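J.: The structure's right below; bear with me while I get my questions together.
The values are calculated or read from the model by the stated rules, or taken from the named source; none is laboratory data. What you are looking at is a predicted structure, and each value in this text was computed from that prediction instead of being measured. No Cβ is skipped: glycine too gets one built from the backbone with ideal geometry, and neighbour counts run over all protein chains shown.
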Amino acid sequence: MTSLGYRIAVSPSASERSDAILTPAALEFVARLDNEFAGRRRELLDARRVRKDELNSGERKLDFLPETAHIRADESWRVAGAAPGLEDRRVEITGPTDRKMTVNALNSGAKVWLADFEDATSPTWDNIVGGQVNLYDAIGGDIDFTTEAGKRYAIGDDPATIVVRPRGWHLVEKHVRIDGRPVSAGLFDFGMYLFHNAQRLIDAGSGPYFYLPKLESHEEARLWNDVFVLAQELLGIPRGTIRATVLIETITAAFEMDEILYELREHAAGLNAGRWDYIFSVIKNFAKQGADFVLPDRAEVTMTVPFMRAYTALLVRTCHRRGAHAIGGMAAFIPSKDPEANALAFEKVRQDKEREADDGFDGSWVAHPGLVPVCREVFDDVLGERPNQLDRLRDEVEVTGDDLLNVAGAGGDVTEEGLRGNLNVALRYVDSWLRGTGAAAIFGLMEDAATAEIARCQVWQWIYNGTKLSDGTAITAELVTGLLDEELASVSADIGGDGDRLAHAREIVVETALGEKLPSFFTTSAYARYLTTT
């Protein structure tokens, strides 16, 4: 590409071989994408903020869009569908792009690896650049990992298909500035991976595939599609080569599934039920709407409560009607050395995957290689030799807007144990995130940023609405502050480590869970304050 004269400033990275990734040509490519779409991205983020405020104030009622009814009613259109390596997605593993996870995920036996630059990655500059190096090496077949004990791991003969999740539209990468402004983090992650790997993947019989996070509207999907079109044109690869699976992990996107697939139809492969972020989105968008939108303890908000059942049923029906894969939610359990605990947890995972397979999902997620066999066995029983069950159209499913918003139907209690649990887990996760680890093992579960988001949003909502604990105690800021300090002492005694960092974690939790306003994400301000060097 011809240089367009952008002033590009890049922070140095300590990641090994960062110069192989941060090349002038690759940075020029990212700059071209960012300059082309920066204005639309800002407009869409402004529209998000307005919609969230209107939903919380009651000025807007969320419903299916009347202006796009013709798209939903049109039975004729279909998405591009599966591409090489994406025909069979019965088990997918998720995780960050560090070197050990890269090797383990590709060797896990899963059909797909979601290589995650988003919620499972703490966005330190070295993590982001190092992740790109690891993917580049993996695609070239030149990656291995050696443990401290000296055991070497290399990629086997049948690795998983890589699907990269770039960061969401709301995030920026402050270590790369174009004419003085930080680049879109999502466009950086996408652009770097595509520039360095697209042709190599095509030559190997695969292609550049992506998971798109945090979309809140079909207009945001349209923006991604326009990015894909320009990127393919600039690199000289055929239009439609890119495939994207969209995570339906916001309540607003749940009302626009058809429209999102329609906007991305020449590049769309499927939708995923991003269950944890979906719960976070429901809390965030209706935090001020009173008792009907107050959820119980996080552990009680299972996939069988009415509003979650409606969401997943609609997702399967929408996908299969359009020829797209429907991918289920993540099983976050981490196998331990306790046989009894494992037996109980594995049974819960099996039941969860059986429900998804019976509902028509074509595959599902796990967070640990030890869960791959469980998920695969369940879907093997349903699919047999078939790669998917796109023929299950679920025509009997009828989901209304009220069904999707039936949060009160979840029932359940808010308990002191649940409140303390939210505070404890939020502190532990934020501490891990500040240390540069975005996928953290906490109480036997592999947690990512969505965990802390749910936890701190629930606390804010309970305080705002004066929610009472099951023993009748009102949840107030004063009560939470006292419990937070007790949980901080507990976490400190358990994990030790850097007291200053735990103090920073407490500060972040206080700002995002006890402040006057409920921030949309804890990661935006925390990233700018603690993880940037520019």
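J.: Residue check, residue 137 against (1) touching a strand residue (DSSP E or B) at 6+ places or on another chain (Cβ under 8 Å); (2) surrounded by fewer than 22 Cβ atoms within 10 Å (Cβ to Cβ); (3) of a type in the set (D, E, K, R), all met but one. Which one?
T.: Going through (1) touching a strand residue (DSSP E or B) at 6+ places or on another chain (Cβ under 8 Å); (2) surrounded by fewer than 22 Cβ atoms within 10 Å (Cβ to Cβ); (3) of a type in the set (D, E, K, R) one by one, residue 137 breaks only (1).
J.: Just checking, does the range 172-179 include any residue being over 16 Å from residue 201 (Cα atoms), touching a helix residue (DSSP H, G or I) at 6+ places or on another chain (Cβ under 7 Å), modelled with pLDDT under 90 and in a strand (DSSP E or B)?
T.: The answer is no; no qualifying residue exists.
J.: Please verify whether the range 162-170 includes one or more residues that are under 23 Å from residue 33 (Cβ atoms), assigned to a loop (DSSP other than H, G, I, E, B), touching a Pro at 6+ places or on another chain (Cβ under 6 Å) and touching a residue at least 40 places away in the same chain (Cβ under 8 Å).
T.: Yes: the range 162-170 contains one or more residues that are under 23 Å from residue 33 (Cβ atoms), assigned to a loop (DSSP other than H, G, I, E, B), touching a Pro at 6+ places or on another chain (Cβ under 6 Å) and touching a residue at least 40 places away in the same chain (Cβ under 8 Å).
J.: If you scan the range 329-345, which residues turn out to be within 25 Å of residue 277 (Cβ to Cβ) and in the same structural domain as residue 376 (by TED's automatic domain parsing)?
T.: Within the range 329-345, 345 is the sole residue that qualifies.
J.: Right, another one. With 349, 382, 374 as the choices, which residue is in the same structural domain as residue 266 (by TED's automatic domain parsing), in contact with a Cys (Cβ under 8 Å, 6 or more places away or on another chain) and not aromatic (Phe, Trp, Tyr)?
T.: 349
Each row is one residue, and each column tells you yes or no for (1) under 17 Å from the mean Cα position of the chain (by Cα); (2) on the phi > 0 side of the Ramachandran plot; (3) surrounded by fewer than 24 Cβ atoms within 10 Å (Cβ to Cβ).
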position: 123; (1), (2), (3): yes, no, no
position: 132; (1), (2), (3): no, no, no
position: 147; (1), (2), (3): no, no, yes
position: 158; (1), (2), (3): no, no, yes
position: 161; (1), (2), (3): no, no, yes
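J.: Next question, about the same structure. So, residue 378, is that one of a type outside the set (Gly, Ala, Ser) and either under 30 Å from residue 124 (Cα atoms) or without any contact (Cβ under 8 Å) to a residue 60 or more places away in the chain (or both) or not?
T.: yes
J.: Quick one: how many residues across the range 345-365 are over 19 Å from residue 112 (Cα atoms) and among the small types (Gly, Ala, Ser)?
T.: Number satisfying all stated conditions: 1.
J.: Filtering the range 4-55 down to residues that are basic (Lys, Arg) and farther than 17 Å from residue 178 by Cα, which residue is modelled with the lowest pLDDT?
T.: 17
J.: Just to be sure, is residue 449 assigned by TED's automatic domain parsing to the domain that holds residue 524, in contact (Cβ under 8 Å) with a residue 12 or more places away in the chain and out of contact with any Ser or Thr (no Cβ under 7 Å at 6 or more places or on another chain)?
T.: Spelling it out, it is not the case that residue 449 is assigned by TED's automatic domain parsing to the domain that holds residue 524, in contact (Cβ under 8 Å) with a residue 12 or more places away in the chain and out of contact with any Ser or Thr (no Cβ under 7 Å at 6 or more places or on another chain).
J.: If I ask for residues that are of a type outside the set (S, T, N, Q) and more than 18 Å from the chain's Cα centre (by Cα), which ones from the range 275-297 would you list?
T.: Residues satisfying the conditions are 286, 287, 288, 290, 291, 292, 293, 294, 295, 296, 297.
J.: Still on this structure: Taking the range 431-449 as the region of interest, how many residues are charged (D, E, K, R), part of a loop (DSSP other than H, G, I, E, B) and over 18 Å from the mean Cα position of the chain (by Cα)?
T.: 1
J.: Next up: Evaluate the following for residue 220: is it at pLDDT 95 or above, of a type in the set (D, E, K, R) and closer than 25 Å to residue 48 by Cβ?
T.: Judged against the criteria, residue 220 is a match.
J.: Then there's this: So residue 453 fits all but one of (1) within 25 Å of the chain's Cα centre (by Cα); (2) surrounded by fewer than 18 Cβ atoms within 10 Å (Cβ to Cβ); (3) within 18 Å of residue 283 (Cα to Cα); what number is the exception?
T.: So the condition that residue 453 fails would be (2).
J.: While we're looking at this one, here's another question. With respect to residue 197, is the statement that it is in contact with a Pro (Cβ under 7 Å, 6 or more places away or on another chain) and in a helix (DSSP H, G or I) true?
T.: yes
J.: Related question: In the set 473, 533, 512, which member is of a type in the set (Val, Ile, Thr) and touching a residue at least 60 places away in the same chain (Cβ under 8 Å)?
T.: Exactly one residue qualifies, and that residue is 533.
J.: Additional query: Restricting attention to the range 524-534, which residues are buried (at least 18 other Cβ atoms within 10 Å of the Cβ) and not aliphatic (A, V, I, L, M)?
T.: The one that is buried (at least 18 other Cβ atoms within 10 Å of the Cβ) and not aliphatic (A, V, I, L, M): 527.
J.: Scan the range 487-523 for residues that are under 26 Å from the mean Cα position of the chain (by Cα) and loosely packed, with under 14 Cβ neighbours inside 10 Å and report the count.
T.: Qualifying residue count, the range 487-523: 2.
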